[in-house]
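**Student:** Handing you this structure, nothing more for now.
The values are calculated or read from the model by the stated rules, or taken from the named source; none is laboratory data. Keep in mind that this is a model prediction, so the values were computed, not measured. Cβ coordinates were reconstructed from backbone atoms using ideal geometry, including for glycine residues, and neighbour counts include every protein chain displayed. The area values use the complete protein model at the heavy-atom level, side chains included, leaving out ligands, DNA and RNA. Shrake-Rupley method; radii C 1.70, N 1.55, O 1.52, S 1.80 Å.
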2 protein chains.
Amino acid sequence: MATQTKPILHGYFRSSCSWRVRIAFALKGVEYDQLPVNLIKDGGQQLTEEYKALNPMQQVPAVEIDGTTLSQSLAVIQYIDETRPGPRLLPADPKTRAQVRMISDLIASGIQPLQNLYVIQKIGAEKMQWSQHFIDRGFQALEPILKQTAGKYCVGDEISMADICLVPQVYNAERFKVDVGKYPTIKRLNEALLEIEAFQVSHPSRQPDTPDDLRA
Amino acid sequence: MATQTKPILHGYFRSSCSWRVRIAFALKGVEYDQLPVNLIKDGGQQLTEEYKALNPMQQVPAVEIDGTTLSQSLAVIQYIDETRPGPRLLPADPKTRAQVRMISDLIASGIQPLQNLYVIQKIGAEKMQWSQHFIDRGFQALEPILKQTAGKYCVGDEISMADICLVPQVYNAERFKVDVGKYPTIKRLNEALLEIEAFQVSHPSRQPDTPDDLRA
């Protein structure tokens, strides 16, 4: 039966959207296989015809699951949440769930797309300043929202999809030398979340395709 | 009671993300009030402290609903869907729902953010070529996906959030002079959807803040 086959994640160790999906699998306790797609090597393995058939956007992640192939990390995460047992990644209450989606989308539509590889490749030499600008802009909005919604985690005291989006975005921010210390709520939540095993085992420094010099 | 107060949409006639929310309200038959936020006038009314309190991202839309304020159009649409009667905007089957979210996110995270006002303002003189490039890139991926999922509408024969995202994105494509004729499935779906009343009454050419010269 298709549902007894392990899902396959086509991802890249350092892709923040791939990391989101790895966290979701880990939180749900779902075993999966990884097929790394090196976004840099050979001019970008995501650009091959073979990969394009899996995800026409030529981005990671793409996930083969239950006989279908899905892309777009938040769609994948919500599918995993709706079809697998384990802790809820979206809360039951509609208003709280809307807050989780609002924070997730602020990151997934409002911040991350502007540091996507195919975007900063087009920006060229100024990609560092460009990325810093849009991460700072996003974090300036995210900080007051999280101040209102957060408990132990982004929305109240339960881990949710919002947390799954936050941690990889902070990792990106650090890569682009954004001073995360300016955002005390974001900083506190990120530190709390990085204590959790699901966020650790899924970390870019611990994946099958992590280069030796970046391995934890 | 809060749920008996009409929702208030803070939006802009030409904003594709505002249009998404207007379509959702119309499909659900929910009455709402509009408070226009002119993104151009006075240097951008979304930049005022007053508006920033509603949406720290300083973008439209923001929606006051059931005693809370939500931003991020897909979070708003799913909240409306989960709390209001009327036709489902997300299908009941998890796999079909995942397809709807995948298509919605491809547009909402993969295409639209790159033509957002605050992004193309930073791009400057080359904003037309920039926008065309990323819309074409997105539509080249969307076309084969829709070829597989579409029936009468984006996913099968029921209208969904994917359709709510598609039509405003095609409108944006036309504004940026993208030749939508290159994408026959996108073109066909857009034409079919524009026949539907909810897509017509919510159209940018028919809003309270539509300038006279753009009014239908």
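**Student:** Beyond a 32 Å Cα-Cα separation, which of these cross-linked pairs lie in this structure: A:41/B:152; B:28/B:122; A:147/A:177; A:41/B:127? Please report the intermediate quantities before stating the final value.
**Tutor:** Values: A:41/B:152 41 Å; B:28/B:122 37 Å; A:147/A:177 23 Å; A:41/B:127 30 Å.
Over 32 Å apart, Cα to Cα: A:41/B:152; B:28/B:122.
**Student:** Return the distance in nm (one decimal) between the two label points of a simple spin-label model at residue B:177 and residue B:42, each offset 7 Å from Cα along Cα→Cβ.
**Tutor:** 3.3 nm
**Student:** Here's something else I'd like to know. Non-local amide H neighbours of residue A:152 (under 5 Å, H modeled in plane, Pro and chain starts lacking H): which ones?
**Tutor:** Amide H neighbours of residue A:152, under 5 Å, 5+ apart: A:157.
**Student:** Let me ask another. Lys/Arg Cβ at +1, Asp/Glu Cβ at -1, dipole of segment A:60-104 taken about the Cα centre: which of A:87, A:69, A:103 is farthest positive-ward?
**Tutor:** A:103
**Student:** Restrict the search to segment B:17-108; then list the GluC sites (Glu not before Pro) that DSSP places in a loop and that have at most 13 other Cβ atoms within 10 Å of their Cβ.
**Tutor:** On the way: sites: B:31, B:49, B:50, B:64, B:82; in loops: B:31.
Here the sparse-neighbourhood loop sites are B:31.
**Student:** Continuing with this model, one more query. Between residue A:148 and residue A:32, what FRET efficiency follows from the Cβ-Cβ distance if R0 is 35 Å, with the result rounded to 0.05?
**Tutor:** Working: r = 35 Å, r/R0 = 0.99.
For residue A:148 and residue A:32, the calculated efficiency is 0.50.
**Student:** May I pose another question? Between segment A:1-54 and segment B:149-216, what is the C-alpha centre distance in whole Å?
**Tutor:** Going from one Cα centre to the other spans 32 Å.
**Student:** Whose amide H sits under 5 Å from the amide H of residue A:35, counting only residues 5 or more places off or on another chain, with H placed in the peptide plane?
**Tutor:** The answer is A:9, A:10, A:11.
**Student:** Where nothing but the Cβ of Lys and Arg (+1) and of Asp and Glu (-1) is charged, how large is the charge dipole of segment B:97-197 around its Cα centre, in debye to the nearest 20? Working shown, then result.
**Tutor:** Values: 12 positive and 12 negative charges, 66 e Å.
For this selection, approximately 320 debye.
**Student:** Here is a further query. Charges on Cβ only, +1 for Lys and Arg, -1 for Asp and Glu, centred on the Cα centroid of the protein assembly as shown; of A:55, B:144, B:214, which one is farthest towards the dipole's positive end?
**Tutor:** The one lying farthest along the dipole's positive direction is B:214.
**Student:** Additional query: Check every DSSP H run in chain B and write down those whose alpha carbon atoms cover 20 angstrom or more along the long axis and whose mean Kyte-Doolittle hydropathy is -0.5 or greater. Don't skip to the end; give the middle numbers.
**Tutor:** On the way: long enough: B:94-110 (22 Å, -0.10); B:127-149 (32 Å, -0.65); B:161-175 (22 Å, 0.22).
Helices passing the filter in chain B: B:94-110, B:161-175.
**Student:** Mind checking how much accessible area A and B bury in total, 1.4 Å probe, in Å² rounded to 100?
**Tutor:** On the way: alone 10880 and 10860 Å², together 17950 Å².
Heavy-atom accessible area buried at this interface is about 3800 Å².
**Student:** Same structure again: Apply the Debye scattering formula to segment B:7-87, with a single equal point scatterer on each alpha-carbon and no solvent, then give log10 I(q)/I(0) at q = 0.12, 0.14, 0.16 Å⁻¹.
**Tutor:** -0.31, -0.41, -0.54
**Student:** Something else: Name the residues of segment B:127-151 whose accessible area falls by at least 20 Å² when all protein chains are present instead of the chain alone, probe 1.4 Å?
**Tutor:** Going by heavy-atom accessible area, the residues of segment B:127-151 that drop by at least 20 Å² are B:130, B:133, B:134, B:137, B:141, B:145.
**Student:** Which part of segment A:107-132 falls in the paramagnetic zone of residue B:129, meaning amide N under 18 Å from the point 7 Å along Cα-to-beta-carbon?
**Tutor:** A:119-127
**Student:** Separate question: Can you give the charge dipole size of segment A:1-116 about its Cα centre, rounded to the nearest 20 debye, using +1 on the beta carbon of Lys and Arg and -1 on the beta carbon of Asp and Glu? Working shown, then result.
**Tutor:** Working: 12 positive and 11 negative charges, 84 e Å.
The calculation lands at about 400 debye.
**Student:** At 1.4 Å probe size, with the rest of the protein present, what percent of the exposed accessible area of chain B is carbon and sulfur atoms? Don't skip to the end; give the middle numbers.
**Tutor:** On the way: 4340 of 8970 Å².
The computed percentage sits at 48.
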